[in-house]
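The values are calculated or read from the model by the stated rules, or taken from the named source; none is laboratory data. Owing to the predicted nature of the structure, the values given are computational and were not obtained by experimental measurement. All Cβ positions, even for glycine, are placed from backbone atoms using ideal geometry, and neighbour counts span all protein chains on display. Just the protein is used for accessible areas: all its heavy atoms, side chains included, with ligands, DNA and RNA removed. Shrake-Rupley method; radii C 1.70, N 1.55, O 1.52, S 1.80 Å.
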Amino acid sequence: MGSVTHLCAMLFQEALGVPLTIVQYKGRRGRPWSMCVRARSIFICDLPTTNSGAIRSGDLKAYVLTAPQRMATMPDVPTAAEVGMPSLAIGVWFGLYAPSGTPQSVVEVLNKALRQVMADKAVAAQLDKIETVLLPLDEVTPAAHRRKLVSQIELWRPIIEKASIQAE
């Protein structure tokens, strides 16, 4: 309850405007995947990295990506926006954090190092192998990250409140 896959399914339900029975499983591997393959589930919301092998083998069919753009490793799979569900343009993302009150000079050093790593072609190639899309470097700043956090809170708050999900 409250995992990214659960919230994705809830957002998908909202985008479709129809009620769905959302079944929760512990963990992402194993049971949800096998239930879908055996046609006991209609669909799963999950990360491409978890299921890309099953998609390539034909055991699972990818119908839509919630990513803002198509993935190079799945060029024939349309984005949610392309199929008329722009509110599903979501994705899993990561941020680099430091304790509150960290001096700005330290934040700048960390950001510079992060940007250098993200600009490294070898790093990008490795991340591409696991279907991870890097942000453009102009979006890798503390200010851009702050905007991302605000937009994510605005996106997920109504879904979480509607589902009465509480943090433990």
Handout entry: Residue ID - nearest to T5 (Cα to Cα), chosen from residues in the range 93-127 that are in contact (Cβ under 8 Å) with a residue 12 or more places away in the chain, open to solvent by 60 Å² or more (accessible area, probe 1.4 Å) and assigned to a helix (DSSP H, G or I)
Key = R115
Practice task
Restrict the check to the range 49-59 and report whether at least one residue is open to solvent by 50 Å² or more (accessible area, probe 1.4 Å), outside any loop (DSSP other than H, G, I, E, B) and modelled with pLDDT of 85 or more.
Solution key: no
Practice task
Considering only residues that are surrounded by 14 or more Cβ atoms within 10 Å (Cβ to Cβ) and outside any loop (DSSP other than H, G, I, E, B), look in the range 128-143 and name the one that is modelled with the highest pLDDT.
Solution key: P142
Exercise for the section: List every residue pair whose Cβ atoms sit under 6 Å apart, with the two residues 6 or more apart in sequence or on different chains, where the first one lies in the range 68-84 and is open to solvent by 60 Å² or more (accessible area, probe 1.4 Å) and the second, anywhere, is assigned to a loop (DSSP other than H, G, I, E, B). Expected result: P68/A89; V83/V64
Handout entry: Filter pass, A167 being loosely packed, with under 14 Cβ neighbours inside 10 Å, hydrophobic (A, V, I, L, M, F, W, C) and at pLDDT below 90
Key = yes
Practice task
Would you be able to tell me the number of residues in the range 153-164 that are free of Cβ contacts under 8 Å to residues at least 40 places away in the same chain and either open to solvent by less than 60 Å² (accessible area, probe 1.4 Å) or aliphatic (A, V, I, L, M) (or both)?
Solution key: 1
